[in-house]
Structures are given as structure tokens and as C-alpha cells.
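Visitor: I have a structure I would like to understand better, so I am pasting it below and will then ask my questions one at a time.
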Amino acid sequence: MRGRNLIILGFAVLLGLVAVFLANTYFSGVEQREERMAEENRMARIVVASQDMAFGTPLTQTNSRLVNWPANSVPQGAFTDLSVAVQGGRVALRPITIGEPILASKVSGDDGRATLASLLPEDQRAVSVPVNEVAGVAGFVRAGDVVDVMLTRQIPGEGSQPSDKMTNVVLENVLVLAVDQTKDENDTAAIVAKVATLQTDIYGAQKLTLAQQIGTLSLVLRNVENQTVGGTNVVLAKDLGGGGYYIGPRRAATVAAPAATYAPRPAAAARTGAPAAPRYRGPTMTVVRGTEGTEVPVSRSRGW
């Protein structure tokens, strides 16, 4: 009897220990969840735009303000002090929409200069190329687009004719920084531009500068998500089709030689209505003077 009581007591103690462990685990999980929720609910104060800003817009107390932002998702470069954000006459280097955090990478430094050079990565260059309505894709190439640059020129060689042209791709997947003097990516209206400013490395800038001197440049608009480059071919006139057709040189018109004059035969004279000369039926001889021969009648003598 006593042994049974000890077994029951031991079993009860074991159940108690398990219950205590489960209770501790549960309450520890609740505490961790509460701490995590408190961390997630912890807010920070950052500077955001209170109105839309275009390229070159100065930051002021009017167009920017402080708002609460989740502390664990504050973007890198965000300003946490409004006075620091607007000091020095900072201006927007890229379009900023209302409610968007104002980041150090999207505004100028303390000097307040909004220059195109400030948009360039450290190893990139900006080079301008002339374009027209056709070369600029009818005015639909805008700042922020991605293009390919094509060069059309005459095929080199002594036997090359003015109509012997070739087109090849000079650069692919090139970012357009500005069209004429428009740098706002949100301005999507089509305009006929004269100059496009492209972002490329120093080697690409050299190629574009040389290409302007030896041919005509054209821009080809491409999808910004298409990052495929390479695999392009040189296109010649024969690749356009119609290679089996050829027009040779035209011959000059020849002047007809004057017709030789001759005495009409009796039949011809009859057709013209003139009286026919009597035809001699006796013997004749041919007298040659120079290169011309004349037929002369010969009369018979009585001795024949």
C-alpha cells in the first residue's frame, strides 16, 4: 500500500513539472511576441516630401515635413531632422513624389547645385549626340529611357558607291539622361528634340564622338527590362530585299544617218504618180568613176 502511494506521488510530481515547463514556455513565447510587436510598433521621425518636386526644386519647410515611420524600415540616407534636410539650399536631383522619403542620394549637397554631373555614377560619363524627329523616335525618347545607338555610314573602299551604305549598332542599353535641356523623368510629352544626352563609360563616349564624324546616328527605343546585349549584325543594302533587281546605264539616243539619194525605178515612179522614163532594152556597159558606177547604153554598129 505504501509503495503504491509513493508511485502515485512520483507520478503527480512528474506531471507538475511538465505543467510548469509548458506554462513557462507559453508565457515566454507571449513575452517574446509582445517584445517583437513593441519593436515593430516603434516609430522613427523622418523627412518626406509634402508636395511633388521636380528636378532642381529647392527643399524648404513648405514642401517637406517630418512624419512617423517604422523604425525597422527607415530607408538608408533618410533625414531625421528637417533643419538638416533644408540647410544649405539643397535641391532635388530627381523627381520626388508627395509622401516619398527625401534621401541624401536624391538631393544635392550643401552647395545647393543641381547639376547633371551630380546624377552620374563615379565611372560614367555624359555625352550628347545630335538627333532629329526620325533619329529621336518621333520625339518619344525621354529622360530615363533606355536606347540603342545605331550608326549609318558609307561602306569604305575604293569601289564603294554613294549608295553603298551600312548600319551597325554602336552602343546598346544606354540610359538617356536628358533630351535637349529636359531632365525630368516624369515629363513624358513627345517633343522633337535636337540633342540627346546619354550615359555611358569613357570608351562608349569615345565611340559616340567618333561616330558623329563619320555617319548619321539614330536612337532605337528599347524596353527598360530588356538587358540583353550583343548578337547584332551589320546590315547592308542587300539585306533590305530586292537584290535581284538592277537597272543598267541608259544608252544615249543615236542620230539616224541621212538616207542615200537614188533615182526612182519605173515601178516606184509609177507609185508616186510621176511619168516613168522609157526603159532601154539594148546592150549597156558600166562606167566606173571613182567609186561610183554608171550604166551607159551602147548602140550596135552595122558590123555586128
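The values are calculated or read from the model by the stated rules, or taken from the named source; none is laboratory data. None of the values given here were measured: they were computed from a predicted structure. Using ideal geometry, Cβ is built from the backbone for each residue, glycine included, and neighbour counts are taken over all protein chains shown. When the accessible area is computed, the model is the full protein with side chains, heavy atoms only, and any ligands, DNA or RNA have been set aside. Shrake-Rupley method; radii C 1.70, N 1.55, O 1.52, S 1.80 Å.
Visitor: In region 202-231, what count of residues is obtained for those that are exposed (fewer than 13 other Cβ atoms within 10 Å of the Cβ), of a type in the set (S, T, N, Q) and under 29 Å from Gln161 (Cα atoms)?
Guide: 2
Visitor: Name the single residue that is farthest from the chain's Cα centre (by Cα) among those in region 91-111 being assigned to a loop (DSSP other than H, G, I, E, B) and at pLDDT 85 or above.
Guide: Gly99
Visitor: Does Ser50 satisfy the criteria of being in contact with a helix residue (DSSP H, G or I) (Cβ under 9 Å, 6 or more places away or on another chain) and at pLDDT 90 or above?
Guide: no
Visitor: So, one more: Would you say Leu120 is modelled with pLDDT of 85 or more and on the phi < 0 side of the Ramachandran plot?
Guide: no
Visitor: Test of understanding: among Pro75, Pro95, which residue is open to solvent by 30 Å² or more (accessible area, probe 1.4 Å) and at negative phi?
Guide: Exactly one residue qualifies, and that residue is Pro75.
Visitor: If you don't mind, another one. Go through region 142-165 and report how many residues are open to solvent by less than 30 Å² (accessible area, probe 1.4 Å) and closer than 15 Å to Val234 by Cβ.
Guide: Result for region 142-165: 4.
Visitor: Please go through region 204-250 and give me each residue that is assigned to a loop (DSSP other than H, G, I, E, B), modelled with pLDDT of 75 or more and not aliphatic (A, V, I, L, M), ordered by number.
Guide: Gly215, Asn223, Glu225, Asn226, Gln227, Thr228, Gly230, Thr232, Asn233, listed by residue number.
Visitor: Name the residue, out of Phe21, Phe11, that is among the aromatic types (Phe, Trp, Tyr), modelled with pLDDT of 75 or more, farther than 17 Å from Ile98 by Cα and in a helix (DSSP H, G or I).
Guide: Phe21
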